[in-house]
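The values are calculated or read from the model by the stated rules, or taken from the named source; none is laboratory data. Keep in mind it's a predicted model, so treat the numbers as computed, not measured. Note that each Cβ is placed from the backbone with ideal geometry, even for glycine, and that neighbours are counted across all protein chains shown. Heavy atoms of the whole protein, side chains included, go into the accessibility calculation; ligands, DNA and RNA do not. Shrake-Rupley method; radii C 1.70, N 1.55, O 1.52, S 1.80 Å.
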2 protein chains.
Amino acid sequence: MMNAELIDPFMVSTEQVFSTMLGCQLTRGRLQPRSHRLIPEYEINGIVGLAGSISGTVVLSMQERVALRATEAMLGLHPSFINDEVIDAVGELTNMVAGAAKHHLSTEVNLSIPMVIVGKNTRIGFASNVEPICIPFQSPWGPVQVEVGIAK
Amino acid sequence: MMNAELIDPFMVSTEQVFSTMLGCQLTRGRLQPRSHRLIPEYEINGIVGLAGSISGTVVLSMQERVALRATEAMLGLHPSFINDEVIDAVGELTNMVAGAAKHHLSTEVNLSIPMVIVGKNTRIGFASNVEPICIPFQSPWGPVQVEVGIAK
């Protein structure tokens, strides 16, 4: 099981970013260690890499309707499908979650640029030396989850 | 258009890694700047983040049959579907392509852990401050492409 000192910053930062940037209150569920390798995700996934004294990945996963509502809250737009603005909003949210968590990590780490993966039935495979932890949240718009994988 | 000094190392490293690790000779096609934001990819995508004095992402994209043949060549296994070993092989290939390119980059950069995204009709969105370049290759097993996006 991954060190709580590494997970706690991401729990805190996700709630803070959704509250501050989107006016959206998240309710956290129970942490879920992931024993299987290929994780089925929601349709929209923001990914940002961590590289430095630790190496890892953060995945912010949400349903399409949550991504659309988040874009509305963040940019004042009303997208009806996944367009460039939604990609920007989800990428920026992912970046902010990882960036805010970084400040609470007691180690030196840099962020890669965020990527946004769009696709139904997308599965994400972490490297075999990583035991990702899933942090599930409920929002008024639908479920959101953050997965954090740090290499051992 | 992205600086050739940043792209050239990835052209060289992809050919070297496929040749050395898989005994697979790649033929490179013409570089394709990507003007659109959501890029349709092949079914299997290895992703690794670059973070340090430059920030970016490398995506190694291939069809399922190429991933299966690569796993066979790399691990001596004969998978008939996308299983953990295929995920490991594609993740490790992506890591080696980025790692070999890193040595040719005239800048300090660290790699995040590789992730492997599996899904038909997956699209990948880069951040708006990135103009990814696609390097297409043909292999005896099918097409392979490497996308490199570095933040401006």
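Mind counting the residues in region B:137-152 that are in a loop (DSSP other than H, G, I, E, B) and either under 21 Å from A:Ile87 (Cβ atoms) or at the interface with chain A (Cβ under 7 Å from one of its Cβ atoms) (or both)? The number of residues fulfilling the criteria is 1. Does A:Leu60 count as of a type outside the set (Lys, Arg), buried (at least 16 other Cβ atoms within 10 Å of the Cβ), in contact with a strand residue (DSSP E or B) (Cβ under 6 Å, 6 or more places away or on another chain) and at the interface with chain B (Cβ under 7 Å from one of its Cβ atoms)? Spelling it out, it is not the case that A:Leu60 is of a type outside the set (Lys, Arg), buried (at least 16 other Cβ atoms within 10 Å of the Cβ), in contact with a strand residue (DSSP E or B) (Cβ under 6 Å, 6 or more places away or on another chain) and at the interface with chain B (Cβ under 7 Å from one of its Cβ atoms). Considering only residues of region B:1-51 that are within 19 Å of B:Asp88 (Cβ to Cβ) and within 14 Å of chain A (Cβ to nearest Cβ), which is surrounded by the most Cβ atoms within 10 Å (Cβ to Cβ)? For region B:1-51, the residue satisfying everything is B:Gly49.
Within region A:63-95, being more than 9 Å from chain B (Cβ to nearest Cβ) and either open to solvent by less than 40 Å² (accessible area, probe 1.4 Å) or acidic (Asp, Glu) (or both) holds for A:Glu64, A:Val66, A:Ala67, A:Leu68, A:Ala70, A:Thr71, A:Glu72, A:Pro79, A:Glu85, A:Ala89, A:Leu93, A:Thr94. When the residues of region A:101-136 are narrowed to those that are surrounded by fewer than 18 Cβ atoms within 10 Å (Cβ to Cβ) and of a type in the set (Gly, Ala, Ser), which ends up nearest to the other protein chains (Cβ to nearest Cβ)? If we take residues in region A:101-136 being surrounded by fewer than 18 Cβ atoms within 10 Å (Cβ to Cβ) and of a type in the set (Gly, Ala, Ser), then A:Ser128 is nearest to the other protein chains (Cβ to nearest Cβ). Reported count of residues in region B:12-43, each being closer than 16 Å to B:Val66 by Cβ, in contact with a helix residue (DSSP H, G or I) (Cβ under 9 Å, 6 or more places away or on another chain) and modelled with pLDDT under 95, is 2.
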